[in-house]
Structures are given as structure tokens and as C-alpha cells.
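Engineer: The structure that follows is given in the form of C-alpha cells.
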Amino acid sequence: MAANADAIVVGGGAVGASVALELTKRGATVSMIERDSIASHASGFAYGGLFPTMGAGIPGPILQHAMHGISLHRQLALELKDSTEIDVELRSVVSIDLAADEDGFRNLEKSLDWQLEEGLKAELLDSEGVRHLEPALTGNLAGGLVQLSHFEVDSYKYTLALVAAFEHAGGNHRTGDVVGLVRDAGRVTGVRLASGDEVRGNAVVLATGPWAGAGSEGLPHIPVEPKKGEILRLRFPGRDFTHRVSLGGHYIARKPDGLVWAGSTEEDAGFDDRPSVSARYAIMAGVLALAPALESAEIVEHTACLRPVSADDMPILGAVPGHEGLFAANGAGKKGILLSPVMGRMVAGAILGDSGGDPIPAEFNAARFTDQESA
Ligand SMILES: Cc1cc2nc3c(=O)[nH]c(=O)nc-3n(C[C@H](O)[C@H](O)[C@H](O)COP(=O)(O)OP(=O)(O)OC[C@H]3O[C@@H](n4cnc5c(N)ncnc54)[C@H](O)[C@@H]3O)c2cc1C
């Protein structure tokens, strides 16, 4: 156990691991505490898409950070391979957003316009063009937007590699359920574990994903909610879906191991993270409408986990108002794998008082929530 660390990071998901690695690289002594195991929640089961063109805040305030996230991932993949020998399987992917009708096609045209304005490579295809690329898409289609700005990683290997690199750089990680904060003269100076142990540190980072929203007697409430998401992994021999195709909330994509991932769902189900029959039906109904041939696929795995989502869909980063010494690294929503290196740098900079070129922007700053909401 590393008592009196410069910082304690609570949470061994992609976000906590990124903060811990970044702090350690900058010379801080860091203890990471995870109550289950590394990458055992959303960070280990996420699709792993590094998609700068879709989701909340895009086009908008997230875009520049998403692009920065991709360039950091490209450097990190090499660094992590060097220091840990773990290949995070970073690769570029061609994504095709589909339109089922003329209205949908007009939306794709708008998306194409802003993507080209931003200098991103994209191209609009009619339904024939889409089927030329993905012949199994025999459902109704008006066309598709082919995007060449997308990458992906294996999110489980990525999170494991971050922690391995953190340990390699001198950080230490232990198992523990953090149930309270230790304070000296009103300042947060450590955490209390369910076992009764205390771990001391000059700063404490709560990177506890959706559970930060639950708060507890001993831990402040960070305003995030769990948003449940489920994914099916299918065995479907052949070469279909080497392009990731998506329509509305559904997508189909083949991963490097040959399995085809079909997703996903978005549900307010509290902290219930069990795979459900209803999600299995909803996902299969969505993807079969696009590609009826998937009816013959074998379901190999069905996963469910919880995204940490803030009220305005933006990350919650930096000093927690009203709790000197306490920092938040949370609220990544559907983009936590993509944004984790950016969030790691921003929070490490806030703790060490040196932004290193990555200051926390106002729209991500934990201070935007009132003391009442965050305390
Ligand atoms: C279906 C699905 C698909 C997704 N696809 C993508 C994608 O393609 N691209 C992308 O960028 N993002 C994606 N995401 C989002 C991404 O998974 C999350 O944003 C990200 O994993 C959040 O990371 P985190 O470290 O904040 O939280 P988590 O991964 O939940 O980690 C938090 C950790 O804190 C620990 N913890 C909590 N409380 C305590 C405590 N009191 N003491 C000790 N430890 C504690 C937990 O055990 C957990 O391990 C997806 C999410 C889902 C659900």
C-alpha cells in the first residue's frame, strides 16, 4: 500500500487508469483503488469506437477534444505496446451511417457538409453503392454516409494496458471498496475503505463511473446517471460487415477476432447491469431489419454495462466544489474510451497545477454544477 501518495485514483476503468497513468508519467506517486477488477465494467465491454463524428456535443464542443483523443490514442497504442507488450488493436475503420428513407438521407447530406467543412473525409453513397460495399444489407435503404475518420481499439485490452503501463511507471494498484473520505482541517487527504483501512494522499480523484452518481454517507454525489447499454457478439462466418454500419441506435460491425458485434441499447435501469431478454430482442429486431441474413448467426456473448452520463452529456472534470483536495474524472457518457486520454491529461494537469497544454474547458469543468448538486 502506498500511504501518503501524491494522489489516489478511485476507479479502475479507462478514465481512472488514464488519470493515474498521466499523473505517474509526470512524476507523481499514485495509488489506484478498484473494488472489483480492472476493466470489469463499461470500460471492459464498450465497443471501443473512436468516432469523432457522432454523439452528444458533435458537431459542437466535443469535436476538437474527440479529434485530440484520436491523435493521443495513436501515440498511446505504440507507447503501451512498448511498455506493456499489450496490443490494444488500434485500427482505422470505415463506418457507414445508413439512411432508411429520404428524410434520413437529407440528414446524412447535412452531416456530410459539416464533416467536409471540418476537413474530415466522408462520401455519400446511394443504396446501390452501399450494397456494393456490404451486400448483406438487403433491408430498406436510401443510402449511406461513408466516413474515413474513424478508428477503434479493443477497450478491454486498452484499459488493461493503461493500468499495466501505470504500474510499470511506478504506480501501485490495490483492491478496495472506497466508502468514505479522510479530511484534515477540512481538506480531503485520503480515502477510507470498507475494510476499515485508510489510504492517504494529497489529492483524491473519483473516477468511479456511474456509481459516483449514487453518492453515499461518506462520498459526495457527482451528478452522473447510469445509462445501461447492451451488445451481442455473433458468430456469422464470411466477410460481411468489415465496414461498420449503423442506423439509428443499431450497428453491426466485425471485430478483428471475426465476431460480429450487434448493438446496442440505451436504458435507464438504475444500477441493474444484467443482460436482458428485452434488449436481446430489441437489438436483433433492429439489425435483422437491416440484414435479414443475420438470422442464421449464433449468439456467442451478450454483455450489459452502464455508461456514466451527466445532465448535459459533457464530462465532469476537475476540482469538486466544496471539497478541497477532491477531483472528479467522470461523465464521459458514450465516449469514455475515445476521450479517456484527453480526460486523463486534463485532470492530471488540474491536480498538479500545470495544464501541460490541456486545460479543462468551461463546458467540462465540475464547477459548472452548483455546490448543492455536487456536494
Ligand atoms: C454498450 C456500450 C458501448 C460503448 N461504446 C463505446 C465506444 O464505442 N466508444 C467510447 O468511447 N465509449 C463507449 N462506451 C462508453 C464507455 O464505455 C464509458 O464512457 C467508459 O467506459 C467510462 O469509463 P469510466 O472509467 O468512467 O467508468 P467505468 O468503466 O464504469 O469504471 C469505473 C470503475 O470504478 C469502480 N468503482 C466504482 N465505485 C467504486 C468505489 N466506491 N471504490 C472503488 N472502486 C469503485 C468500478 O468498479 C469501475 O471499475 C460504451 C458504453 C457502453 C455501455
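The values are calculated or read from the model by the stated rules, or taken from the named source; none is laboratory data. Computed from a predicted structure; not experimentally measured. Note that we place each Cβ from the backbone using ideal geometry, even for glycine, and neighbour counts take in every protein chain shown.
Engineer: Tell me the helices (runs of 4 or more DSSP H) entirely within the range 277-375 that contain at least 3 residues that are at pLDDT 95 or above and not small (Gly, Ala, Ser).
Structural biologist: 277-290, 336-352
Engineer: Same structure again: What residue, of Glu225, Glu217, Glu267, Glu230, is closer than 30 Å to Ile360 by Cα, touching a helix residue (DSSP H, G or I) at 6+ places or on another chain (Cβ under 6 Å) and within 16 Å of the ligand (Cβ to nearest atom)?
Structural biologist: Glu225
Engineer: Let me ask something else. Output yes when any residue across the range 301-309 is of a type in the set (Asp, Glu), surrounded by fewer than 20 Cβ atoms within 10 Å (Cβ to Cβ), in the same structural domain as Phe45 (by TED's automatic domain parsing) and in contact with a Lys or Arg (Cβ under 6 Å, 6 or more places away or on another chain), and no when none is.
Structural biologist: Among the residues of the range 301-309, not one is of a type in the set (Asp, Glu), surrounded by fewer than 20 Cβ atoms within 10 Å (Cβ to Cβ), in the same structural domain as Phe45 (by TED's automatic domain parsing) and in contact with a Lys or Arg (Cβ under 6 Å, 6 or more places away or on another chain), which makes the answer no.
Engineer: Consider Thr138 against the criteria (1) of a type outside the set (Gly, Ala, Ser); (2) in a loop (DSSP other than H, G, I, E, B); (3) surrounded by 15 or more Cβ atoms within 10 Å (Cβ to Cβ): it satisfies all of them except one. Which criterion is unmet?
Structural biologist: (3)
Engineer: Turning to a different aspect of this structure: Looking only at residues in the range 162-182 that are of a type in the set (A, V, I, L, M) and within 15 Å of the ligand (Cβ to nearest atom), which one is surrounded by the fewest Cβ atoms within 10 Å (Cβ to Cβ)?
Structural biologist: Val179
Engineer: Tell me which of these Thr159 doesn't satisfy, since it passes every other one: (1) among the polar types (S, T, N, Q); (2) in a loop (DSSP other than H, G, I, E, B); (3) within 11 Å of the ligand (Cβ to nearest atom).
Structural biologist: Thr159 satisfies every listed condition except (2).
Engineer: Quick test for you: out of Ala311, Ala304, pick the one residue that is within 15 Å of the ligand (Cβ to nearest atom) and either in contact (Cβ under 8 Å) with a residue 40 or more places away in the chain or under 19 Å from Val10 (Cα atoms) (or both). Steps first, answer last, please.
Structural biologist: Working: Ala311 fails: within 15 Å of the ligand (Cβ to nearest atom).
Answer to the selection: Ala304.
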